[in-house]
Amino acid sequence: MLDKTYEPQNKENLIYKKWEENHCFKPFSDSNKNSNKENFTIIMPPPNITGQLHIGHALNNTTQDFLIRYKRMKGYNTLWIPGTDHASIATEVKIIEALKKEGLSKEKLGRDEFLKRAWAWNDKYGGRIKLQLKTLGCSCDWDRCAFTMDEKRQKSVLDVFKKLYDEEYIYRGEKLINWCPTCKTALSDAEVEHIDENSSLWYIRYPYADKSGYLVVATTRPETIFGDVCVAVNPNDERYKDKIGKNVILPILNKEIPIISDDYVEKDFGTGVVKITPAHDFNDFEVGKRHDFQPIKIMNLDGTMNDYCGKYSNMDRYTCRKQLVEELKSLDLIEKIEPYNLPKATCYRCHNAVEPMMSKQWFMKMQDMAELGLEAIDNKELEIVPNRVQKIYRNWLENIKDWCISRQLWWGHRIPAYYCKDCGNTMVEINKPSACTKCGNKDIVQDSDVLDTWFSSALWPFSTLGYPDETDDLNRFFPTSILVTAQDIIFFWVARMVMLSKKIMGKTPFSKVLINGIVRDDEGKKMSKSSNNGVDPIEIIEKYGADSLRLSLLFGNGTGNDFRFSEEKILEDRKFINKVFNSGKFLELVLSQTTETKLDKTKLNIFDKWIYSKLFDAIEEINKLIDNLDICQAVNKMYSFVWDEFCNYYLEFSKPYVYSNDPNVRANACAILKDIYLNILKLLHPIIPFITEDIYSNFTNELLINQSYASSIGYFKKETEDVEKIISLIQKIRETRLSYNVIPSKRITLIVNKNNVSETSLNIINEAKLVLSKMTNIEKIDILDNIDSDSIKFVTELGEFYFYKYEVVDTEKEREKINKDIEKINSEIKILEIRIFNPNFISRAPQQLVEKEKLRYEYLLNSKNSLEEKLKNLK
RNA sequence: GGGAGAUUAGCGCAGUUGGUAGAGUACCUGCCUUACAAGCAGAGGGUCAUAGGUUCGAGUCCUAUAUCUCCCACCA
């Protein structure tokens with residue numbers, strides 16, 4: 001028995017448990033190894049264990065669950081693998097924050113203790129994330145749940161690292177890298193965020209060594225002058241042409257450095273003179289390399305100045321800047337200071353300024369990899385929806401640089417490189433070597449660094465399936481079907497998965513990527529882990545149920561478009577769920593009042609045939625839309641079919657039959673109603689799985705999740721057209737009644753003009769008599785030859801109809817109404833005339849359209865004439 | 001500096017090969033009609049940002065412009 005109103009709170013958990021107990025989330029192939037059903041596989045983007053899921057995750061996972069449930073019901077061998085990501089740097093930052101509150105630091109704790117904390121953190125937050133996903137209704141296979149740092153994934157990482165090292169794609173070297181002085185680790189280019197900062201441009205005088213005056217250098221980073229190796233001008237700059245090759249004196253250090261020329265220098269910026277600091281600027285590094293200068297390091301890894309900087313050593317970089325500028329001022333070496341906006345490089349995790357530093361790190365060669373990534377797009381092995389995102393992907397790969405993969409962190413995959421303490425030999429091995437392969441020394445130490453968290457993420461599509469072992473899963477499910485993710489990790493993750501899958505597995509990891517939009521809060525601000533305006537989906541689910549949240553996330557949200565989340569929208573959308581629930585209650589009521597239901601598909605009335613046709617259309621359209629990944633439109637179609645066609649019309653149509661006195665009619669009517677309704681539950685199950693499953697269990701003993709997707713017995717053209725005509729008649733009657741202010745409870749007579757309504761139309765009307773009277777409160781239908789001229793006339797496709805004037809009256813209203821109708825028709829006629837009297841239109845537009853418009857024009861003229869006549873006759 | 005997206009009814013949005021603008025919600029009118037007032041039946045409301053262009057025909061294609069949002073980027 002269904003409750004009085006739907007109470008999702010207490011039921012959803014139980015339903016989820018039932019699904020799990022019945023192994024509903026497993027691929028068919030688990031129980032039937034010979035299953036030859038086509039696979040449909042999704043690997044979940046693993047949420048970071050830094051915290052809990054927010055609405056953005058809910059959108060992402062609802063979309064995946066929608067696709068998985070749909071495909072499962074479509075008969076695919078579906079597998080959805082869930083998982084979580086250790087999120088190396090992000091989690092480490094969080095743990096350090098937590099330690100700080102306890103007055104601890106990671107150094108005080110030591111590596112082993114710190115890692116214990118990290119694993120505990122994983123238990124807590126990873127566990128919570130899984131719970132959140134279950135609460136949302138995600139039908140993923142929890143037995144296959146993966147964690148980027150669990151044993152199996154460690155194995156994958158070690159294997160791939162060694163493979164790429166052996167093939168010389170991975171190398172170690174000292175290069176200029178992005179360094180976060182706060183997190184005290186190297187970062188990749190992708191992990192650096194640029195923000196605009198109000199700063200200054202300092203114009204500093206560099207005196208010529210021959211005391212013939214000075215050169216003015218404009219810089220945004222005065223504190224780096226300690227590292228200057230030269231100053232550079234453009235070779236074509238007339239102002240400085242004769243100065244090239246001369247020396248200037250570097251202020252403070254009083255060291256002579258040369259003036260060189262390089263194309264990199266823009267004549268028009270600043271003074272046209274650039275100081276070159278190769279060890280702390282990416283451009284300067286390149287210039288320095290071209291001119292054979294040794295970089296001079298001037299900073300420590302914590303962002304303070306190093307011993308090279310004399311009295312400024314050990315001073316924070318920004319303090320140094322302030323004091324240095326003061327000193328330069330006192331030496332009269334500052335020409336001027338201008339306000340200047342510069343993009344400041346910051347760490348994507350701690351948001352502090354990143355420093356380019358010379359450092360020995362591990363890198364992955366990316367040139368060949370990028371080719372693989374581009375090839376995937378070029379050869380259409382990979383399609384990104386919406387299409388525009390492909391450009392972003394392509395652009396990044398075309399400008400890629402080698403990937404710095406080592407991090408000076410503790411929480412992560414430790415790099416499997418071992419160094420001989422004696423001879424310095426480097427060995428990359430999956431297991432620690434017992435002795436140096438070169439000198440035999442047993443004193444071997446492992447590299448203390450860990451890998452960029454995105455290294456393990458990049459292997460996700462095959463590491464989750466068991467790589468490097470040749471598992472059944474890997475053979476069966478790789479490559480996967482589709483990746484659903486957000487746009488902001490297209491470089492971090494998507495591109496790298498494609499590259500590494502192609503490199504390691506020889507195949508693109510998925511053929512489609514569906515990008516879901518960014519979720520914003522109700523003020524339009526981006527919801528994110530870092531900006532802390534995230535809403536916990538659990539809170540929303542506790543209030544409104546998971547189905548309401550899911551529906552709201554998918555309804556009216558265009559593919560790839562940003563989505564504004566509000567509780568208000570949930571309240572609006574959940575009305576639909578209530579509607580579904582109540583129509584189920586109606587079915588239950590009807591079934592309770594009949595002893596027998598028997599579906600006889602040979603005995604369908606026109607309304608049954610109409611609803612089956614509508615169902616047929618709806619399913620066809622929905623299938624097509626989902627295949628095109630247009631989930632928004634698909635949900636829209638479900639909505640309008642269920643509410644407009646089924647609830648508003650078919651339920652009403654069915655009432656005379658389900659309450660019929662003829663037990664045979666009744667049995668069949670009930671059976672059909674049930675059949676249609678159960679199909680609706682199937683149709684809706686991918687969006688609102690809980691309530692549909694719950695209602696379904698009231699009518700059958702089977703689980704809805706296991707059923708085949710909705711289907712209709714067929715399409716009946718003639719009956720469908722007939723019922724459409726009846727619907728227009730119903731609407732016309734209602735409209736006319738209302739326009740004459742006939743109160744709904746008043747039962748009136750419908751007059752049919754025998755001369756004007758065809759035999760077939762009469763048959764249709766006759767078949768719909770009961771329905772008509774119920775839906776428009778018509779007491780009886782008079783079929784007349786002679787109709788009083790003052791009767792109230794209205795026209796539909798079925799012919800001319802009237803009301804007795806004495807039943808509806810009010811001449812003034814009538815006049816007003818006719819005039820309004822004429823006006824409406826006139827404006828349409830005008831538009832049509834422009835078209836059909838245009839010879840160009842006649843000759844160039846499709847003939848079919850021309851014919852259609854001409855017919856419409858004639859129809860309108862006729863209608864207009866009859867209305868005008870009516871107006872004349874109105875007394 | 002480069003690129004992408006957005007601009008449609010009061011509001012938040014949909015509109016996929018160009019053919020007379022759509023749903024939801026709000027507002028207005030009338031209804032507690034035995035599934036549902038989280039409802040039913042109706043009505044109103046839009047020069048589809050602006051200006052040009054292509055076309056018989058443009059919300060839809062092209063070119064500018066404006067406003068907003070996002071991404072990328074080493075002009076010191």
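Structure summary
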quantity	calculated
Residue match in the stretch A:143-162 (condition: part of a loop (DSSP other than H, G, I, E, B) and closer than 30 Å to A:PRO8 by Cα)	yes
Residue that is open to solvent by 40 Å² or more (accessible area, probe 1.4 Å) and at pLDDT 95 or above, where the choices are A:LYS603, A:LYS609	A:LYS609
Unmet requirement for A:ILE225, which otherwise passes all of (1) out of contact with any strand residue (DSSP E or B) (no Cβ under 8 Å at 6 or more places or on another chain); (2) within 16 Å of RNA strand B (Cβ to nearest atom)	(1)
Any pair with Cβ under 6 angstrom, 6 or more apart, that starts in the stretch A:1-28 at a residue that is touching a residue at least 40 places away in the same chain (Cβ under 8 Å) and ends at one that is in a loop (DSSP other than H, G, I, E, B) and among the small types (Gly, Ala, Ser)	A:PRO8/A:GLY545; A:PHE25/A:SER139; A:PHE28/A:SER35
Residue match in the stretch A:380-393 (condition: in contact with a Leu (Cβ under 6 Å, 6 or more places away or on another chain), under 30 Å from A:THR485 (Cβ atoms) and open to solvent by 20 Å² or more (accessible area, probe 1.4 Å))	yes
Residues located in the stretch A:712-733, provided they are more than 16 Å from RNA strand B (Cβ to nearest atom), open to solvent by less than 70 Å² (accessible area, probe 1.4 Å) and not acidic (Asp, Glu)	A:SER712, A:ILE713, A:GLY714, A:PHE716, A:THR720
Exclusive hit being open to solvent by 50 Å² or more (accessible area, probe 1.4 Å) and either within 13 Å of RNA strand B (Cβ to nearest atom) or over 23 Å from A:ASP402 (Cβ atoms) (or both), set A:ASN352, A:ASN306	A:ASN352
Search result, residues across the stretch A:765-784 that are farther than 27 Å from A:TYR650 by Cβ and either loosely packed, with under 13 Cβ neighbours inside 10 Å or of a type in the set (D, E, K, R) (or both)	A:ASP782
Any hit, the stretch A:46-64, residues being part of a loop (DSSP other than H, G, I, E, B) and open to solvent by 30 Å² or more (accessible area, probe 1.4 Å)	yes
Output for the stretch A:168-187, where each listed residue is in a strand (DSSP E or B), among the charged types (D, E, K, R) and modelled with pLDDT under 95	A:GLU174, A:LYS175
Options A:ILE787, A:ILE792: the member that is more than 16 Å from RNA strand B (Cβ to nearest atom), surrounded by 17 or more Cβ atoms within 10 Å (Cβ to Cβ) and more than 30 Å from A:LEU604 (Cβ to Cβ)	A:ILE787
Options A:GLY412, A:GLY424: the member that is under 14 Å from A:ARG172 (Cα atoms) and outside any strand (DSSP E or B)	A:GLY424
Number of positions in the stretch A:1-45 that are assigned to a strand (DSSP E or B) and either among the hydroxyl-bearing types (Ser, Thr, Tyr) or surrounded by fewer than 16 Cβ atoms within 10 Å (Cβ to Cβ) (or both)	1
Elements of type helices (runs of 4 or more DSSP H) in the stretch A:505-600, at least 1 residues being aliphatic (A, V, I, L, M) and within 8 Å of RNA strand B (Cβ to nearest atom)	A:567-592
Test set (1) among the polar types (S, T, N, Q); (2) touching a residue at least 40 places away in the same chain (Cβ under 8 Å); (3) within 16 Å of RNA strand B (Cβ to nearest atom) - A:SER827 fails condition number	(2)
Residues within the stretch A:748-764 that are surrounded by fewer than 13 Cβ atoms within 10 Å (Cβ to Cβ) and either at pLDDT 90 or above or within 16 Å of RNA strand B (Cβ to nearest atom) (or both), tallied	4
Filter pass, A:LEU115 being at pLDDT 95 or above, aliphatic (A, V, I, L, M) and open to solvent by 30 Å² or more (accessible area, probe 1.4 Å)	yes
Test result for A:ASN873, more than 51 Å from the chain's Cα centre (by Cα), on the phi < 0 side of the Ramachandran plot, surrounded by fewer than 13 Cβ atoms within 10 Å (Cβ to Cβ) and without any contact (Cβ under 8 Å) to a residue 12 or more places away in the chain	no
Some residue of the stretch A:462-469 being in contact (Cβ under 8 Å) with a residue 24 or more places away in the chain, in contact with a Lys or Arg (Cβ under 7 Å, 6 or more places away or on another chain), in a helix (DSSP H, G or I) and open to solvent by less than 10 Å² (accessible area, probe 1.4 Å)	yes
Any hit, the stretch A:401-408, residues being over 25 Å from A:ASN516 (Cβ atoms), open to solvent by 60 Å² or more (accessible area, probe 1.4 Å), within 16 Å of RNA strand B (Cβ to nearest atom) and in contact (Cβ under 8 Å) with a residue 12 or more places away in the chain	yes
Options A:SER583, A:SER548, A:SER501, A:SER552; residue that is buried (at least 18 other Cβ atoms within 10 Å of the Cβ) and farther than 29 Å from A:TYR639 by Cβ	A:SER501
Residue in the stretch A:461-475 that is over 30 Å from A:ASN578 (Cα atoms), modelled with pLDDT of 90 or more and within 16 Å of RNA strand B (Cβ to nearest atom) present	no
Subset tally (residues that are surrounded by 17 or more Cβ atoms within 10 Å (Cβ to Cβ), touching a residue at least 60 places away in the same chain (Cβ under 8 Å), over 20 Å from the mean Cα position of the chain (by Cα) and more than 9 Å from RNA strand B (Cβ to nearest atom)) for the stretch A:616-640	3
Residue selected from the stretch A:844-870 under the condition open to solvent by 80 Å² or more (accessible area, probe 1.4 Å) and within 8 Å of RNA strand B (Cβ to nearest atom), by the criterion farthest from A:GLY799 (Cα to Cα)	A:ARG844
Sole residue being within 14 Å of RNA strand B (Cβ to nearest atom) and more than 28 Å from A:HIS280 (Cα to Cα), chosen from A:LYS380, A:LYS391, A:LYS344	A:LYS391
Exclusive hit being modelled with pLDDT under 95 and crowded, with 22+ Cβ neighbours inside 10 Å, set A:VAL494, A:VAL519	A:VAL519
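Condition check ((1) exposed (fewer than 14 other Cβ atoms within 10 Å of the Cβ); (2) near RNA strand B (Cβ under 8 Å from one of its atoms); (3) at pLDDT 90 or above) across all residues:
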residue	(1), (2), (3)
A:SER212	yes, no, no
A:VAL217	no, yes, yes
A:LYS246	no, no, yes
A:ASN254	yes, no, yes
A:ILE260	no, no, yes
A:LYS267	no, yes, no
A:GLY272	no, yes, yes
A:VAL287	no, no, yes
A:LYS297	no, no, yes
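The values are calculated or read from the model by the stated rules, or taken from the named source; none is laboratory data. No experiment lies behind these values; they were computed from the predicted model shown. Quick reminder, even Gly has a Cβ in these numbers, built from the backbone with ideal geometry, and neighbours come from all protein chains shown. Side chains are part of the model used for accessible areas, which takes the heavy atoms of the whole protein and leaves out ligands, DNA and RNA. Shrake-Rupley method; radii C 1.70, N 1.55, O 1.52, S 1.80 Å.
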